[in-house]
Amino acid sequence: MGGIGKTTLAQLLFNDKKVQSFFDLKAWACVSEDFDAVRVTKAVLKSVTFASRDENDLNLLQVELKEQLKGKKFLVVLDDLWNENYVDWTILRAPFLAGAPGSAIVITTRNERVSSITRSLPEYCLEVLSKDACLSVFTQHALGASNFSAHPNLQEIGEKIVERCKGLPLAAKTLGGLLRTKKDRNEWVNVLKSKIWDIPEERSGIVPALMLSYHHLPSHLKRCFMYCSILPEDYKFEEHQLVLLWMAEGLIQPPEGDKQMEDLGSEYFHDLLSRSFFQQSSTEKFRYGKPQFVMHDLINDLAQRVAGDICFKMEDEIWGGNKIRLPKKVRHSSYLRGQFDFAKKFEPFFELKCLRTFLPLPCPSYCYLTQNVHIQLLPELKCLRALSLSGYCIVEVPNSIGDLKHLRYLDLSYTEIRGLPESTTTLYNLQTMILEGCSYLEQLPSNLGNLVNLRHLNILNATKLEGMPPQIGKLTHLQTLSNLIVGKGSCFSLRELGSLSHLRGTLLISQLENVTKPRDASDAKLIKKIDLTTLCLEWSVNIDDSQDRRSEFDVLSM
């Protein structure tokens, strides 16, 4: 992440007296985004010889640098390296191989791929500062002191300003410098309430430092990052959740060969993670065994800035009772749910005829939703691709859901629905259906097999489901099937599982005592589903032990 202190730490190392005494030569070169081997080689030569070079022939420059370094123990710092090309790196480092044992090259970079290409020792990843350390940086720049003892009236507001910095040293330094000549408490309050982007760029390194990271992203990652502007500050999210939303919005390019969209989306996610646009949560690293990630507040602000009017998250505007008008350009939206979400809250959405994402966050948590939304609003949003009503105490889904022909992502988890209307099976573009925790759900639509593009069906902990509908085998793109229920007298046959060759992750097959033809277990072809990592086979506890159970042993053996 820009501004986390990589260059500052390298400077402290470079200027340390013990370090100076250990090396014969020292050189510093700022590489930056525009990689130029000639310019970098000239910079190193100038540090070593204290003389400028007009020569632009890389070969001649490298020969001279090699002679200067030959047999000497040197320290070279290459600051802010972006280039990921291994060939370019091997060319640049060639003269350094002439140095004496013990020579060192220190590289600072925001990109983990650069680190993996250049390193011969383990990388050192900087973390954000602790609250106390961040406070110390702030007070040094704001008050020229290590604490607030000389200005106790500013301590409370100062600590709140530091909380906004979220451990980023550059933010603490910039805001401290902004307040250095201001000792009036009201001026400090104004800084606290303003967006950090309101600080003029000439007085802050924050904007250019973070914008540089953004501009260096390839276009496909820019689009994915902009979409993340709808995530609330401090919101904890999972990789899989975000990738499925990206897929629904068409932000993942069609993969080549046999690669799945989910795998490509995972590569996108980890690319953004390696560049510090995401970071693992420090307060809750794992939830139910799954890593939790967050966006630093300043990164979140950056996402909002670059997204402009395309993305909108409703936070405090409605709670104050003020009616707002949303830009008609809005395509993706989220809002913070309340315990009771009344009709007035959703009035602005009726004007967004081209809305693609409708996402209440955080979730799940039982809340109450006005019928105005799913009865009146949703039929108006015919361009929706991602829809979530997760966690709301709704008991039915209207038939009009079938009119949302572009829908690719539907999350009804932790609701109180008893079933889904048959019109749901006309959503032929649907990729993801999440019904996790729907403890009142009794059955799935009979024509579910029509959803031929469905890739993820999550019915985990839908405990009242009595079985699966027929023709599940038509869902040949299915990757997630959290629970396959073999109901009594079900039209579903276990052999239909055979055509679901893309299943991955965890598969639970429950109520196996209801399998009437043991041969169907063999036809399910579980051995060919090489991407499955966990298989759970479950028989009910209330089976009749007086009956012959040999067929169940046959099922298990097959």
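The values are calculated or read from the model by the stated rules, or taken from the named source; none is laboratory data. Just so it is clear, the structure is predicted and the values come from calculations on it, not from any experiment. With ideal geometry, Cβ positions are generated from the backbone for all residues, glycine too; neighbour counts draw on all protein chains shown. When the accessible area is computed, the model is the full protein with side chains, heavy atoms only, and any ligands, DNA or RNA have been set aside. Shrake-Rupley method; radii C 1.70, N 1.55, O 1.52, S 1.80 Å.
Counting only the backbone N, which residues of region 258-291 are under 16 Å from the spot 7 Å out from the Cα of E123 toward its beta-carbon?
Once the point is set 7 Å along Cα→Cβ of E123, 267-280 turn out to lie under 16 Å by backbone N, inside region 258-291.
Find the relative contact order for the chain and round it to a whole percent, using C-alpha pairs within less than 8 Å whose residues are 6+ positions apart. Let's see the in-between values first.
On the way: 1030 pairs, mean separation 36.9, N = 558.
Result for the chain is 7 percent.
Could you run the Karplus curve 6.51 cos²θ - 1.76 cosθ + 1.60 with θ = phi - 60° over region 52-58 and give me ³J(HN,Hα) per residue in whole Hz, x for Gly and Pro?
Working through the residues one at a time gives 7, 10, 8, 5, 10, 7, 4 Hz.
Measure out, as a whole number of angstrom, how far apart the alpha-carbon centroids of region 95-110 and region 364-412 sit.
Centre-to-centre (Cα) distance: 58 Å.
Put a dot 7 Å past each Cα toward the Cβ at A98 and M558; how far apart are the dots in nm?
Those two pseudo-labels are separated by 7.6 nm.
Using the Karplus curve 6.51 cos²θ - 1.76 cosθ + 1.60 with θ = phi - 60°, what ³J(HN,Hα) values do you get for each residue of region 438-446, in whole Hz, with x for Gly and Pro?
7, 6, 9, 5, 9, 7, 9, x, 5
For the chain, take the longest principal axis of its alpha carbons; what is the angle in degrees between that and the long axis of helix 131-143, to the nearest 10 within 0 to 90?
Once rounded, one gets 40 degrees.
Give me the aspartates and glutamates in straight-line cross-link reach of K313: C-alpha distance below 17 Å, same-chain residues under 8 apart excluded.
Leaving aside aspartates and glutamates fewer than 8 places away in the same chain, those within reach of K313 are E233, D234, E249, D297, D301, D341, E347, E351.
So what is the accessible area of the chain per residue, in Å², with the probe set to 1.4 Å? Display every interim value, and only then the final one.
On the way: 27090 Å² over 558 residues.
Accessible surface, normalised per residue, equals 49 Å².
Enter the angle in degrees (range 0 to 90, nearest 10) between the Cα long axis of helix 155-165 and the first principal axis of the Cα atoms of the chain, meaning the one along which they spread out most.
70
Using C-alpha positions alone, give me the convex hull volume of the chain per residue in cubic angstrom. Provide the component values of the computation, followed by the final result.
On the way: hull volume 114.9 nm³, N = 558.
With only Cα atoms used, the chain gives 206 Å³ per residue.
Of the heavy-atom accessible surface of the chain (probe 1.4 angstrom), what whole percent is carbon and sulfur? Before the final figure, lay out each step's value.
Values: 13720 of 27090 Å².
It is 51 percent, rounded to a whole number.
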